[in-house]
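The values are calculated or read from the model by the stated rules, or taken from the named source; none is laboratory data. Worth saying up front: this structure is predicted, and the values here are computed from it rather than measured. Cβ atoms come from the backbone with ideal geometry, glycine included; neighbour counts cover every protein chain shown.
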Amino acid sequence: MRAIGIVVLVILGLMIVWQGMKKVSLEGDWQEQLAVISTATFDGDTVTVKNVRNFRYDPTEADMYPAFYDKTYDLSQIEKVWFVSEPFNENKVAAHTFVSFEFTNGDFLSISIEARKTKDQHYSIWQGMLRMYPLVYIAADERDVILLRANVRKDNVYVYPIKLESPDNARVLLTNMLTRMNELTSTDPAWYNTLFANCTSVIAWHVNQITPGRISPLSWQLWLTASADELALKHGLLDTNLSIEDARTKYRVDQISQQIGDIANYSQEIRK
């Protein structure tokens, strides 16, 4: 038994060393929706985001119609910030979450934090713990990231208004996220991790950059992400006094999204 224990410890040690030595690759035969990277250039109060993803998927998610655009946003004109949650219908404990920024001129910009996969990879919770996927931030149009989830996947989608301690925090949050987006594909690449660097835990990290210690990195809802909206409500991040059950009813948008389809003022209409 002692010999078996020593062998197990040696194997674990070798795995830890192997994982620690793995370098994040910026080159790969990436899946089409993850192949083109968004970048941001700041100039005073404005930021120009290159390659805002604006895909369409019809009739299935595999039927992609790639599209991108470049757009300049006024950082001083962020009106609201929104927290979006998509619990996976086939897995009631997990969800994808991301953040959207609304500007006074009616523009919306979503930032989705994801595992960057190659064409021969499929997402795996276990592989996500083993440094298999680079971490990537996708700047996207809501008609890409919400329409896909609501109209094609037919998942429940919730779009919650975020409560900010200060109006300036919206600018700080977006600036921090876009800066990190740039770093990940240039000076400071990083690995996605199912537990500690997933879509939700990274958002929490950004929140804690603004208000240190606000969300514990050990909160279980950062791992079982279908309850991330409940965690956000608990910490006063959602701009509502409703219970989580009532908030989910009020801010669910997939049904109206399916009714209105892909229209020009999509983001405004799903929030009515």
Test: residue in the range 194-213 that is modelled with pLDDT under 95 and either among the charged types (D, E, K, R) or crowded, with 22+ Cβ neighbours inside 10 Å (or both):
no
Testing residue 139 on (1) more than 21 Å from residue 68 (Cα to Cα); (2) within 13 Å of the chain's Cα centre (by Cα), one condition comes back false. Which one is that?
(1)
Taking only pairs six or more apart or across chains, which ones have beta-carbon atoms under 7 Å, a first residue in the range 120-144 that is on the phi > 0 side of the Ramachandran plot, and a second residue that is assigned to a helix (DSSP H, G or I)?
131/19
Name every residue in the range 148-178 that is of a type outside the set (Asp, Glu), more than 15 Å from the chain's Cα centre (by Cα) and assigned to a helix (DSSP H, G or I), in order of residue number.
150, 151, 152, 169, 170, 171, 172, 175
Of the conditions (1) in contact (Cβ under 8 Å) with a residue 60 or more places away in the chain; (2) more than 18 Å from residue 142 (Cα to Cα); (3) hydroxyl-bearing (Ser, Thr, Tyr), residue 112 satisfies every one except a single condition; which number is it?
(2)
Could you check, for the range 141-162, whether at least one of its residues is under 17 Å from residue 30 (Cα atoms), modelled with pLDDT of 95 or more and buried (at least 17 other Cβ atoms within 10 Å of the Cβ)?
no
Would you be able to tell me the number of residues in the range 63-99 that are loosely packed, with under 15 Cβ neighbours inside 10 Å and modelled with pLDDT under 95?
5
Does residue 125 satisfy being modelled with pLDDT under 95 and among the β-branched types (Val, Ile, Thr)?
yes
What's the number of the condition residue 37 fails, among (1) modelled with pLDDT under 95; (2) under 19 Å from the mean Cα position of the chain (by Cα); (3) not in a strand (DSSP E or B)?
(1)
Please go through the range 251-272 and pick out each residue that is basic (Lys, Arg) and surrounded by 12 or more Cβ atoms within 10 Å (Cβ to Cβ).
252, 271
